[in-house]
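Asks: Pasting a structure below so you can have a look.
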Amino acid sequence: MAAAAIGQVLTVQFGLWYLYAAVVNGAPVERREVREISELAQIAFHAQPHLMSARVAMGLAHLLNHRPEQARSLLVDIRPGVDPPDLCGVAFLLRAVAECHLGNHADADALIRAAGGGHQQLTEVVAAIRAADPAPPLFAVAPMAAT
């Protein structure tokens, strides 16, 4: 359980930073770092898949791995008033990122409104992805091996 809690915290802390750096600053994350984030998120999710914090961590890992459909499915049933408000806002904004990647801009706009005014940097990420065409790469493409 301790490993799951640590995995959750590290995934969200570094994953959000990586997401911001990739989208807003145009600095895609190294693929190795995305794999590490994904491994940490899986530890948390497999230990406690019913916890919203574990689902947020796994959803973030899916986004970093360019899997918006999986991220959306993990975050689709988040309800304000039931889940902690701060974490709920993060979940709504991560789902908005997924919806933008899937071309569902109206859904993304509704999720941004539902998230409230907090989490300004994550809101910037959603806005940058929504404005980009195509969506910016989140992780750096591995260099080709010399042939």
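The values are calculated or read from the model by the stated rules, or taken from the named source; none is laboratory data. Quick caveat, the model's predicted, so the values are computed rather than measured. Ideal geometry is used to build each Cβ from the backbone, glycine not excepted, and the neighbour counts take in all protein chains shown. With ligands, DNA and RNA removed, areas are computed over all heavy atoms of the protein, side chains included. Shrake-Rupley method; radii C 1.70, N 1.55, O 1.52, S 1.80 Å.
Asks: Return the residues of the stretch 21-32 that are open to solvent by 50 Å² or more (accessible area, probe 1.4 Å), assigned to a helix (DSSP H, G or I) and either touching a residue at least 60 places away in the same chain (Cβ under 8 Å) or within 23 Å of F92 (Cβ to Cβ) (or both); say none if nothing qualifies.
Replies: Within the stretch 21-32, R31 is the sole residue that qualifies.
Asks: Would you be able to say whether some residue in the stretch 43-50 is open to solvent by less than 50 Å² (accessible area, probe 1.4 Å), assigned to a helix (DSSP H, G or I), under 20 Å from A96 (Cα atoms) and in contact (Cβ under 8 Å) with a residue 24 or more places away in the chain?
Replies: Within the stretch 43-50, none of the residues are open to solvent by less than 50 Å² (accessible area, probe 1.4 Å), assigned to a helix (DSSP H, G or I), under 20 Å from A96 (Cα atoms) and in contact (Cβ under 8 Å) with a residue 24 or more places away in the chain.
Asks: Any residue that is over 14 Å from the mean Cα position of the chain (by Cα) and either open to solvent by 50 Å² or more (accessible area, probe 1.4 Å) or within 19 Å of V125 (Cα to Cα) (or both) - is there at least one of those in the stretch 9-19?
Replies: Checked the stretch 9-19: no residue is over 14 Å from the mean Cα position of the chain (by Cα) and either open to solvent by 50 Å² or more (accessible area, probe 1.4 Å) or within 19 Å of V125 (Cα to Cα) (or both).
Asks: Here's another thing I want to ask about it. If you check every pair at least six apart or on different chains, which have Cβ atoms under 9 Å apart with a residue in the stretch 106-123 that is at positive phi first and a residue that is surrounded by fewer than 16 Cβ atoms within 10 Å (Cβ to Cβ) and modelled with pLDDT of 90 or more second?
Replies: none
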